[in-house]
1. If you count, for each residue, the other Cβ atoms within 10 Å and average over each peptide, how do 277-285, 238-246, 78-86 line up from highest to lowest?
2. Would you mind working out the magnitude of the charge dipole of region 201-314 relative to its Cα centre, with +1 at each Lys and Arg C-beta and -1 at each Asp and Glu C-beta, to the nearest 20 Debye?
3. Based on DSSP H runs of at least 4 residues, each adding -39500 (n - 2.57), what is the mean residue ellipticity at 222 nm of the chain after dividing by all its residues, to the nearest 500 deg cm²/dmol?
4. Multiply the residue gap between His70 and Glu206 by 0.36 nm, knock off their C-alpha separation, and tell me the result in nm, one decimal place.
5. Whole-Hz Karplus ³J(HN,Hα) for region 384-394, in order, using 6.51 cos²θ - 1.76 cosθ + 1.60 and θ = phi - 60°, x for Gly and Pro?
6. Considering the convex hull of the alpha carbon atoms of region 196-295, report its projected area averaged over all viewing directions, in nm², one decimal.
7. Under 18 Å between alpha carbons, and skipping anything fewer than 8 positions from Lys171 in its own chain: which lysines qualify?
8. To the nearest 20 debye, what is the magnitude of the charge dipole of the chain about its Cα centre, counting +1 on the Cβ of each Lys and Arg and -1 on the Cβ of each Asp and Glu?
Amino acid sequence: MNELPEALLALGTRRNIMREIFEYGKQRASEIGAENVLDFSLGNPSVAPPAEVNDTIRAILNGPESASVHGYTSAQGDVAVRRAVSASLTKRFGGPYTENDLYMTVGAAAALCCTFRALTCPGDEFVLLAPFFTEYTVFLTGNGGTPVVVPPDYDTFQPDFNALEKAITAKTKGIVVNSPNNPSGVVYSAGTVKKLTDLLRAKSAEFGHSIYLISDEPYREIVFDGFTVPWLPDFYSDTIVCYSYSKSLSLPGERIGYVLLPPALTDHDRIYAAVCGAGRVLGYVNAPSLFQRVAAACDGLTADLSVYQTNRDLLYSGLTAMGYTCVEPGGTFYLLLKSPEPDAAAFCERARGMDLLMPPTDDFSCPGYVRLAFCVTTGQVKRSLPVFEALARKYGLQPRN
Ligand code: PLP
């Protein structure tokens with residue numbers, strides 16, 4: 001047998017628990033009917049993209065650009081696209097931002113990989129605030145960085161500032177912030193962001209180099225009760241925004257997003273060049289050209305996200321009334337539920353026996369919990385409640401009023 005990189009072999013063969021459950025759910029649906037499988041495993045948006053997405057595609061394909069739209073674009077994204085998106089961001093958030101601040105990517109995954117690759121020199125560490133998206137460690141270690149995991153304050157799932165302060169050292173190159181958060185649904189208030197960025201400023205001064213704040217924001221627009229997510233570059237000039245249209249426009253399979261490098265970023269031009277270099281090394285060539293144009297036309301629009309609020313309200317109030325302990329989601333379409341037994345995988349197995357599918361969150365650096373991806377129909381949420389209730393009874397949970 002030829003020698004192959006062990007780390008990649010392990011990644012390619014190690015089971016991804018969410019995908020595994022999702023595949024099981026599809027097989028089970030073929031046996032007992034899709035409506036009888038209560039699948040909360042994957043963060044695949046359940047609502048259609050806004051009409052403007054398909055209208056834009058139709059207009060492009062029927063218009064004078066139709067012959068060239070499938071061609072290569074500039075590596076960093078078509079200049080007209082970058083102008084349109086940066087103008088939209090300026091209108092929405094201030095700035096001003098220009099095409100020279102924007103690098104179009106193959107979703108947030110590529111935005112994060114290019115950013116990690118661009119910033120990382122040997123020995124560099126990046127702080128990850130648990131709980132976090134399972135792929136962060138893959139993206140980070142795959143691009144040379146070393147993760148330093150900081151557990152949350154388990155009462156609120158907000159950052160534990162004492163632990164965070166200790167975790168930031170002279171080796172810290174950056175910190176990843178994901179608010180609204182996958183898997184907790186927690187959203188940081190302006191007060192939390194201020195505290196966090198004051199700490200980063202103090203630590204940057206103490207260690208004599210910039211500590212970059214990488215803001216991973218695919219769920220920016222999915223917030224409840226009218227909350228507005230603070231715009232991190234307003235608080236901290238060394239912020240790099242990694243964005244994806246996957247969730248806001250319901251386009252996860254089309255793979256489109258961006259890296260925004262605000263003009264006040266320390267070493268802006270060099271980091272921009274390094275991000276472009278990272279994109280070459282990783283072989284991205286350019287982000288999908290048709291969907292770059294969709295982003296240009298649709299930045300700031302969203303799918304009809306109201307079903308996520310309806311589902312959040314039903315699930316959170318229903319589960320807490322049954323006696324479960326849950327983290328109240330302020331955004332996203334995820335809810336963290338504390339497993340009623342210490343082994344969350346065993347709880348999930350028991351639920352699976354009742355065709356209720358959800359993953360334990362050990363791989364999100366959050367053992368003892370399970371994640372419900374409630375980007376499903378409200379009908380499914382309603383059908384799941386009696387099953388959760390039956391489970392609550394089995395575990396002897398005390399209903400709350
Ligand atoms: N970051 C977080 C927190 C996510 O939840 C996801 C996807 O679910 C990504 C990044 C990757 O997003 P994309 O599909 O746009 O690559």
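The values are calculated or read from the model by the stated rules, or taken from the named source; none is laboratory data. This one's a predicted model, so the numbers in the text were calculated from it and none came from an experiment. Cβ coordinates were reconstructed from backbone atoms using ideal geometry, including for glycine residues, and neighbour counts include every protein chain displayed. All accessible areas refer to the heavy atoms of the entire protein, side chains included, with ligands and DNA or RNA removed. Shrake-Rupley method; radii C 1.70, N 1.55, O 1.52, S 1.80 Å.
1. Order by mean packing, descending: 238-246, 78-86, 277-285.
2. Numbers: 9 positive and 13 negative charges, 69 e Å.
The calculated dipole for region 201-314 is roughly 320 debye.
3. Values: 13 runs with 164 residues, N = 401.
One gets -13000 deg cm²/dmol as the mean residue ellipticity at 222 nm.
4. Value of the extension gain: 44.0 nm.
5. 6, 4, x, 5, 4, 5, 4, 5, 4, 5, 4
6. Values: hull surface 31.8 nm².
So the mean shadow area of the Cα hull is 7.9 nm².
7. Those lysines meeting the cut-off are Lys203.
8. Numbers: 34 positive and 42 negative charges, 42 e Å.
Value, rounded to 20: 200 debye.
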